[in-house]
1. Farther than 30 Å from residue 329 by Cα and open to solvent by less than 20 Å² (accessible area, probe 1.4 Å): is that true of residue 71 in this structure?
2. Let me confirm something: among 91, 114, 37, which residue is small (Gly, Ala, Ser), touching a Ser or Thr at 6+ places or on another chain (Cβ under 9 Å), surrounded by 15 or more Cβ atoms within 10 Å (Cβ to Cβ) and not in a loop (DSSP other than H, G, I, E, B)?
3. Taking residue 292 as meeting all but one of (1) part of a helix (DSSP H, G or I); (2) surrounded by fewer than 22 Cβ atoms within 10 Å (Cβ to Cβ), write down the number of the exception.
4. Could you give every pair whose Cβ atoms fall below 6 Å, whose first residue belongs to segment 397-408 and is in contact (Cβ under 8 Å) with a residue 60 or more places away in the chain, and whose second residue is of a type in the set (Ser, Thr, Tyr), counting only separations of at least 6 or pairs across chains?
5. I need a count of the residues in segment 132-178 that are open to solvent by 20 Å² or more (accessible area, probe 1.4 Å) and aromatic (Phe, Trp, Tyr).
6. How many residues are small (Gly, Ala, Ser), part of a loop (DSSP other than H, G, I, E, B), open to solvent by less than 30 Å² (accessible area, probe 1.4 Å) and out of contact with any helix residue (DSSP H, G or I) (no Cβ under 8 Å at 6 or more places or on another chain) when one looks only at segment 237-283?
7. Which pairs have Cβ atoms under 8 Å, sit 6 or more apart or on different chains, and link a residue in segment 224-240 that is closer than 13 Å to residue 84 by Cβ to one that is modelled with pLDDT of 95 or more and assigned to a helix (DSSP H, G or I)?
8. Look at segment 118-157 and say how many of its residues are at pLDDT below 95, of a type in the set (A, V, I, L, M) and part of a helix (DSSP H, G or I).
Amino acid sequence: MDRNRTRYIFMAKVKAKIYMSLMMTAPVYNRNNPFMAKIVENRLLNKVGSTKETHHLVVDIAGSGMTYEPGDSLALFPTNRDEDVLDMLDALKLNGDELVVMPKEEDPITLREALHSRLYFLSGITRGFLSKISLRITDWRESERLDQLLDISNAKNLSDYIETHHHVDVLRDFPSAKFPAEEVPALFKRLNPRLYSIASGPAANPNHIHLTIGVVRYETLNKQRVGVASTYAVDRVPLNEAVLPVFVAKSHFGLPVRPETDVIMIGPGTGVAPFLGFLQEREATLAKGRNWLFFGDQHQATDFIYEEEFDAWKRKDVLTRLSLAWSRDQDKRVYVQDLLWEQRDVFWEWFSQGACLYICGDKARMARDVEETFVRIAVEKGFVENDPDATNAWIRKLKKEKRYQLDVY
């Protein structure tokens, strides 16, 4: 018996040393060392006639050693389109072969490469950028026009200008402002990795990460504009080639520790992404807690993304309740917060019995409106006083207890 015990301890120590050795030699993938992943699936989710363009992507991370939890995000490093780089070089009146040094980098690179993979120059105009332009203007008429634009008494004009113009448009509006190549990196912000909520669960998909990406395309000044990261991932990354630089970004947003805890998830549009991961994980791990999802978009006929998945989860009783809000399918617009108020009695029954509430999506409107409705319900139920200080303290307490979590942007 003692001999067996000694052998067991010895083998355990050997295994521990091997594991630690592997951990020390295995690459760590992060912002400074991304993993080159493959996109193995890219499918459009919206139907013909939709004004939205939402894609489901499956990213293969096999062999990376990366792990993730429901609620985490995948960070990817986008690049700017070649046509946007050429457009900017033309506006700067530079050829792109000039060498520049990026902040916090030692080795020089060409200006073309800096504009391609290091600098963010689509949209995002600031008053500071316009002030830099004003210092380089040599034409008095341009100077006068920019001074009028920056006049604090005309705040609406400046706001409208910033909303409709990209950096390249400003350079073309004020062509006398010229910058040497070495100063260009200081004109723009860094092109940082973009974070997308992971739409899969690791128990079901340990080697693949699913993403739900809303593609940004719009028009201003009679020009077609695009979002950098969304069009990079959807349009320009070829399938089945290990060319997508990624890493997993850990999050505060996650499932309750106890699998028997009920969860209420509110995520219209692409805000549903992490909840797909939640449901996959709850199904794969046989979690006993109930699951209630509030989802919606503009039109049911064209924008009911993941309808088949939701139907399957409902049949299996993984998805206990599904509340749908289609804002444009009737004269009066209906949003997820309206459904929350309509179903407040059942909602409060769940929540008062210990359910955790999750909100993902638009920070400025949806999340704010949902929180106001949540507080309104709590006040009506007599759970909290109708006082800003009292309700704010209650919300802070819920967040600390992780019963109320937000993933908003």
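1. Working: farther than 30 Å from residue 329 by Cα: yes; open to solvent by less than 20 Å² (accessible area, probe 1.4 Å): yes.
Here the answer is yes, as residue 71 does meet what is asked.
2. On the way: 91 fails: touching a Ser or Thr at 6+ places or on another chain (Cβ under 9 Å); 114 fails: touching a Ser or Thr at 6+ places or on another chain (Cβ under 9 Å).
Answer to the selection: 37.
3. Evaluating residue 292 over (1) part of a helix (DSSP H, G or I); (2) surrounded by fewer than 22 Cβ atoms within 10 Å (Cβ to Cβ) leaves (1) as the failure.
4. Listed pairs, sorted by first residue: 405/358.
5. Residues in segment 132-178 being open to solvent by 20 Å² or more (accessible area, probe 1.4 Å) and aromatic (Phe, Trp, Tyr): 2 in total.
6. Going residue by residue through segment 237-283, those that are small (Gly, Ala, Ser) are 242, 249, 251, 254, 267, 269, 271, 273, 277.
Among the residues that remain, those that are also part of a loop (DSSP other than H, G, I, E, B) are: 242, 251, 254, 267.
Filter once more, keeping what is open to solvent by less than 30 Å² (accessible area, probe 1.4 Å): 254, 267.
So of that shortlist, the ones also out of contact with any helix residue (DSSP H, G or I) (no Cβ under 8 Å at 6 or more places or on another chain) come out as 254.
Selection size over segment 237-283: 1.
7. Partner pairs satisfying both residue conditions: none exist.
8. 4
The values are calculated or read from the model by the stated rules, or taken from the named source; none is laboratory data. The shown structure was predicted, so the numbers you read here are calculated from the model rather than taken from an experiment. Glycine also receives a Cβ, built like all others from the backbone with ideal geometry; neighbour counts cover every protein chain displayed. What goes into the accessible areas is simple: the full protein's heavy atoms, side chains included, and nothing from ligands, DNA or RNA. Shrake-Rupley method; radii C 1.70, N 1.55, O 1.52, S 1.80 Å.
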